[in-house]
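Beneath this line is the structure, given in structure tokens, with notes to follow.
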Amino acid sequence: MSKCISSYSSDFQGEQLEASSSSALLANAMVPVYRLLNGLLVITVFLLVGLWLSGNGTNAGAFDFARILVPDEARQVVWQNGFGMLDQYKDQTPQAAADKDITAVIYNKGTTSNNTKIPLGLAKPQTVALLMPSVAHTQVKPISALADQIPTSKVDPQALDSKLLISVQNQRSVADFFEQKYKLDRAKIEEYVSNTVLIAKEVNIDPILLLAVISVESNFNPLTKSQAGAEGLMQVMTSIHKEKYALYGGASDAIKPEVNIRIGAYILKYLIATSGSLRNGLKFYVGAGNADTDGGYVDKVMSERNRLIELCKGSTLQANSGRKLILNGKNLRS
């Protein structure tokens, strides 16, 4: 009797083990299926969210959804993939009318915020006052499509617009300074200063910084060419940046001030953003990023920049003191 019970117990345990083993095998076999179902569920959710965001009454899409969540990272996606994603990119944040105008140009919308037709590829009308206003009407493609992809939050605040050159009087003082320093044609100096102020606004970088770089790099001579192949006012390495000059018809226009300053300003802003500081960006700009010394280049640029800042501050102070001495049309000095 006991032998029968023992035998029955053993058979029962064997059946339990066999059932348990079968369940384990079945569970293991279903793991890939569960993963596939979970993956499909996640994809379905993202597709539904994307479709909802791109529905009637909104210009957003899946990319904009990512941009809202991680704005800097989303811009880097555009940066890494080039112009191919620009058609999908639309900024949903409130913009000034001037910024909407440049967006109309970049995305081929054809009209400004005032419903005025803009020829594709031309620089947007700028609201900045210029010493030589005619440079604002030069037919040249903006470089905003590239420059706007660099997050402002990554740029050293020292490299952002100091607002010292929004005054034509300060622009004139800077032109006077460079005219005396380099003994150049006055009209050319005014053209270069005005172009720099205009482009700095387009690229969102300090025009005083750009003028300091131009001064140190080329002494305001657009025909300057180094043995290494750097050309123009900003001494851009043409052979290295051929793809950027393709925006302007190729490297044959590399020394044109309105082209050279745009390419140089964009490169400088990018280097400042990626290197972490203004001084590091300047070091990389001169090609000494990994060298022990830059030959004093950064100090020269910073010194010239500081000199221009003091010049503008002095000019502004003089202008303000002059205005204070006039009351109701009467000169208080008399």
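The values are calculated or read from the model by the stated rules, or taken from the named source; none is laboratory data. It should be emphasised that the depicted structure is a prediction, and the values quoted were computed from it without experimental measurement. We place every Cβ from the backbone using ideal geometry, glycine too, and count neighbours over all the protein chains shown.
Here Ser239, Ser334 are screened, and the one residue that is in a loop (DSSP other than H, G, I, E, B) and modelled with pLDDT under 90 is Ser334. Taking the criterion of being of a type in the set (A, V, I, L, M) and farther than 17 Å from Met234 by Cα, the only residue of segment 185-208 that qualifies is Ala187.
Determine whether Leu247 is at pLDDT below 90, loosely packed, with under 13 Cβ neighbours inside 10 Å and aliphatic (A, V, I, L, M).
Numbers: at pLDDT below 90: yes; loosely packed, with under 13 Cβ neighbours inside 10 Å: no; aliphatic (A, V, I, L, M): yes.
Considered against the rule, which asks whether it is at pLDDT below 90, loosely packed, with under 13 Cβ neighbours inside 10 Å and aliphatic (A, V, I, L, M), Leu247 comes out as no.
Val155 meets the conditions (1) of a type in the set (Val, Ile, Thr); (2) more than 24 Å from Leu271 (Cα to Cα); (3) modelled with pLDDT of 95 or more in every case but one. The failed one is (2).
Cβ-Cβ distance below 7 Å, separation of 6 or more or different chains: which pairs start in segment 293-320 with a residue that is within 14 Å of Leu164 (Cβ to Cβ) and end on one that is aromatic (Phe, Trp, Tyr) and outside any helix (DSSP H, G or I)? Filtered contacts from segment 293-320: no entries.
Of all residues in segment 313-331 being in a helix (DSSP H, G or I) and farther than 30 Å from Asn219 by Cα, which is modelled with the lowest pLDDT? Before you say what the answer is, go through the steps one by one.
Pass one, segment 313-331, residues in a helix (DSSP H, G or I): 313-324.
Filter once more, keeping what is farther than 30 Å from Asn219 by Cα: 320-324.
Numbers: Asn320: 73, Ser321: 67, Gly322: 59, Arg323: 55, Lys324: 52.
Only one residue tops the list, namely Lys324.
Tell me, yes or no, whether segment 184-207 has at least one residue that is over 18 Å from Gly264 (Cβ atoms), out of contact with any strand residue (DSSP E or B) (no Cβ under 8 Å at 6 or more places or on another chain) and modelled with pLDDT under 95. Yes, there is a match, as at least one residue in segment 184-207 is over 18 Å from Gly264 (Cβ atoms), out of contact with any strand residue (DSSP E or B) (no Cβ under 8 Å at 6 or more places or on another chain) and modelled with pLDDT under 95. When Thr274, Thr238 are checked against the criterion of being in contact with a strand residue (DSSP E or B) (Cβ under 6 Å, 6 or more places away or on another chain) and farther than 15 Å from Ile208 by Cα, Thr238 stands alone in meeting it. Between Ser218, Ser239, the distinction of being over 25 Å from Glu191 (Cα atoms), small (Gly, Ala, Ser) and without any contact (Cβ under 8 Å) to a residue 40 or more places away in the chain belongs to Ser239 only.
This table checks each residue for (1) assigned to a helix (DSSP H, G or I); (2) touching a Pro at 6+ places or on another chain (Cβ under 8 Å); (3) under 26 Å from Ile189 (Cα atoms).
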| position | (1), (2), (3) |
| --- | --- |
| Glu243 | yes, no, no |
| Ser252 | yes, no, yes |
| Val259 | yes, no, yes |
| Leu271 | yes, no, no |
| Gly287 | no, no, no |
| Ser303 | yes, no, yes |
| Leu311 | yes, no, yes |
